[in-house]
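Taken together, the values in this text are just the output of simple stated rules run on the coordinates, not laboratory data. These numbers come from a predicted model, not from an experiment. Because the Cβ atoms are built from the backbone with ideal geometry, glycine has one as well, and the counts that use them run over all protein chains shown.
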Amino acid sequence: MKTDPGHTLITINSRPDAVMAQGQGSWLVDEGGRRYLDLIQGWAVNSLGHSPAVVAQALAAQAQRLWNPGPAFYNRPALDLAQRLVELSCFDRAFFMSSGAEANECAVKLARRWGRKARGGAHEIISFEQGFHGRTLAMMSASGKPGWDSIYAPMPQGFAKARLNDIASVAGAITPDSVAVMIELVQGEAGVVPADPGFVRELRALCTERRLLLIVDEVQTGMGRCGHAFAHQVYDIEPDLMTLAKGIGAGLPLSALLCKEEFNCFEPGDQGGTYCGNPLMTAVGLAVVNEICRPDFLATVRQRGQQLSQGLQAIVREHGLVGERGVGLLRALILPTDQAEEVVTAARELQPVGLLLNAPRPHLLRFMPALNIDAAELDEGLRLLGLALRRVLG
């Protein structure tokens, strides 16, 4: 008899035996009643923590009205969310989907459609080594994660690679077939590696000069994660296209592609989807955007980001670690040895309360707490992290 609680699920990764049963704010509780302070939040998905009231209320209200009239008709929540995002950004148009990979693939489609109409069929996308844009076949090709070009080979073509913070490598990758550059301003899966502000300004200028679209993937960095509504505002540039997901749905499946009017070039039938822009999810998105994008909320995110950074720096000094880095509430702690997974396990097994962490690299821990985590919870997380590090590193 199999005892693995997931023995009827297709195997996609290794999970601990705990079965999560409920969550509130920064806390998760498993079926055994054990509590965990969650600094992962579904990989930056739960922007307002677990089971936020504002989302529950939006869901309940919209569920009594309309769920999905189909993408052939307008619905009020989708129109209102699009209008709100346009007001908050430099963009003019929005299209809604369900996942980050879907939004990024839609951005590539729009860029190639524009390339056919305005650039003589230019179609190649320049992306970056170590980048991550999703798990569809095309987005695995767009990503620069080592080994992803061979797992499901043959892979879709048309994605050249440059190096982050190396403008010469971008310029060298441009050919007559190039139509766009696609970038994460903070490479999350690579270990929370921020782009250099000077490089980003040069990249914007290069794309303008060479008539390439600048696509900013803000699936993880958008919706307040970096202390502003969108990470490109931290860098003081305007992209041509932007993708959002994760935090905009606060844990529910919602993503978006935004573009400026001149790139609004899909023809009817070029793009769509059964669940695209359904009122149930867009009503949630509107509630989330209105909550996160308040100036006072974003100011608090910046304060908590500074608190987390300073706390991690103190831990670096205490334990003789390499350092910490990041932007806002997307941060990483760099260890001197490849023991990050051991620290993740030790933190989860702490008694009486566990701590949930993520190790995107063997020597590195990533922190993606709820944007509304309070100062006391963040201090408790840093205390528990110190205990886990002592257990593993001595």
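Using the per-residue mean of other Cβ atoms lying within 10 Å as a proxy for protection, in what order, highest first, do the peptides 264-271, 78-85, 115-122 fall?
On the way: 264-271: 11.6, 78-85: 19.5, 115-122: 15.2.
Ranked from most to least packed, the peptides come out as 78-85, 115-122, 264-271.
More than 20 angstrom separation, counting every C-alpha pair in region 84-233; what % is that? Provide the component values of the computation, followed by the final result.
Working: 5254 of 11175 pairs.
Percentage above 20 Å: 47.
7 Å from Cα along Cα→Cβ at both Asp4 and Leu387: what's the point-to-point distance in nm?
That separation, rounded to one decimal, is 3.0 nm.
Could you tell me the calculated FRET efficiency between Glu87 and Gln306, based on Cβ-Cβ distance and R0 = 22 angstrom, to the nearest 0.05?
0.20
Specify which residue in the list Ser178, Asn278, Ile215 is farthest towards the positive end of the charge dipole of region 53-292, using unit charges on the beta carbon of Lys, Arg (+1) and Asp, Glu (-1), about the Cα centre.
Checking the options against the dipole of region 53-292, the answer is Asn278.
Label-point separation (nm) for Val322 and Arg15, each offset 7 Å from Cα along Cα-to-Cβ?
It is 3.1 nm.
At 0.36 nm per residue, and after removing the present C-alpha to C-alpha distance, how many nm does the segment from Asp177 to Tyr275 gain when stretched out fully? Before the final figure, lay out each step's value.
Numbers: separation 98, 0.36 × 98 = 35.28 nm, distance 3.29 nm.
Full-extension gain reported as 32.0 nm.
Using 7 Å Cα-to-Cβ label points, what is the Asn68/Ile151 separation (nm, one decimal)?
2.6 nm
Give me the percent relative contact order of the chain, please, defined on Cα pairs under 8 angstrom at least 6 residues apart.
22 percent
I'd like the distance separating the alpha-carbon centroids of region 196-230 and region 142-162, in whole Å.
Going from one Cα centre to the other spans 22 Å.
Give the residue from Gly311, Ile151, Ser89 lying farthest towards the positive end of the charge dipole for the chain; charges sit on Cβ (+1 for Lys and Arg, -1 for Asp and Glu) and the dipole is referred to the Cα centre.
Of the candidates, Ile151 comes out farthest on the positive side.
Rounded to the nearest 20 debye, what is the charge dipole size of the chain about its Cα centre when +1 sits on each Lys and Arg Cβ and -1 on each Asp and Glu Cβ?
Roughly 180 debye for the chain.
Dipole of region 53-292 (Lys/Arg Cβ +1, Asp/Glu Cβ -1, origin at the Cα centre): which of Phe128, Gly269, Gly115 lies farthest to the positive side?
Gly269
Per the helix-only calculation at 222 nm, which mean residue ellipticity applies to the chain, given -39500 (n - 2.57) for every DSSP H run of n ≥ 4 and division by its residues, nearest 500 deg cm²/dmol?
Rounded to the nearest 500, it is -11500 deg cm²/dmol.
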